[in-house]
Amino acid sequence: MRNDIICFDTQILIWGIKQEATSGQEEKIARAIHLLKMCQEEKSKVIIPAIVAAELLSGTPEDRHNKITQTLQSYFMIIPFDMAAAQSYAHIWRQNEALRRKLSSEEEVDRVKAKADHLIIATAVARKATVIYSEDKDLKRFAERFINVRVMPPVPPAQLDLL
C-alpha cells in the first residue's frame, strides 16, 4: 500500500472521521478507523476527490464544517475536479452507458448518484490512484474496468480490544 495512491469514497470518511453509522453498520466505524490508521502508519498517499469532501460536508451540521475541513486538509490531499478528471469522466461515462442503463432498469440506480460515482472514479483515475476504498456496490460496478475497488480490511482481533 505504501507507494500506491489511495482514494477514499465518502462512506469511509463518514465512518472513520465523523464516526457515524446507520443502524446495522456500527462495525464499519472500527474498520474505517483501522484503515485510516493503516494508511497513516504506512505513510500512504491518500487522495480525497473534492466531490467526496462535498458529500461529507453536506451531511454534516455547519457548526462542524471547519473542524471536518481542517481534518481532511491535515491528513489527505483534496483533489479538485480538473480537465484531466473531466476527460477521464467523459471516457468512463461513455464506456459505462450500457451498464448504467441495465442498472437503472433493474435496480433504479439514481442518475445523480451515478454521476457522482463517475466523478469520484474519474478523479481517482486522472490522479493515477491504484485503488478506491468503497463499500458502494454501484461505484464498484462502474469502476471495475478502470480502477481497483476494495472494501475495508477487517480489524485484527488484537486491535479490536484497543478500539
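FYI, it's all coordinate maths here, none of it is from the lab. Worth saying up front: this structure is predicted, and the values here are computed from it rather than measured. Methodologically, a virtual Cβ is constructed for each residue, glycine included, from the backbone with ideal geometry; neighbour enumeration extends over all protein chains shown.
By counting other Cβ atoms within 10 Å of each Cβ, how are Tyr75, Tyr89 ranked from fewest to most?
Listed from fewest to most nearby Cβ atoms, that is Tyr75, Tyr89.
Return the lysines within reach of Lys67: Cα separation strictly under 17 angstrom, same-chain partners fewer than 8 residues apart disregarded; answer none if there are no such residues.
Lys18
Using only alpha carbon pairs under 8 Å that are at least six residues apart, calculate the relative contact order of the chain and give it in whole percent.
Result for the chain is 29 percent.
Hey, could you pull the Cα Rg and Dmax for region 5-157, both in Å?
In Å, with Rg to one decimal and Dmax whole: 15.2, 44.
Kindly rank 149-156, 62-69, 46-53 from highest to lowest mean number of other beta carbons found within 10 Å of each residue.
46-53, 149-156, 62-69
Give the angle, between 0 and 90 degrees and rounded to the nearest 10, that separates the Cα long axis of helix 65-75 from the longest principal axis of the Cα atoms of the chain.
Approximately 90 degrees, to the nearest 10.
With a cap of 15 neighbouring Cβ atoms within 10 Å, and only residues DSSP puts in a loop, list the trypsin sites (Lys or Arg not before Pro) found in region 91-145.
Hits after loop and neighbour filter: Lys128, Arg145.
Rounded to the nearest 500, what is the chain's calculated 222 nm mean residue ellipticity when only DSSP H runs of at least 4 contribute -39500 (n - 2.57) each, over all residues?
Taking each H run of at least 4 residues, the total per residue is -16500 deg cm²/dmol.
When DSSP beta bridges are limited to those with both residues in the chain, what percentage is antiparallel, rounded to the nearest 5?
Around 0 percent antiparallel, to the nearest 5.
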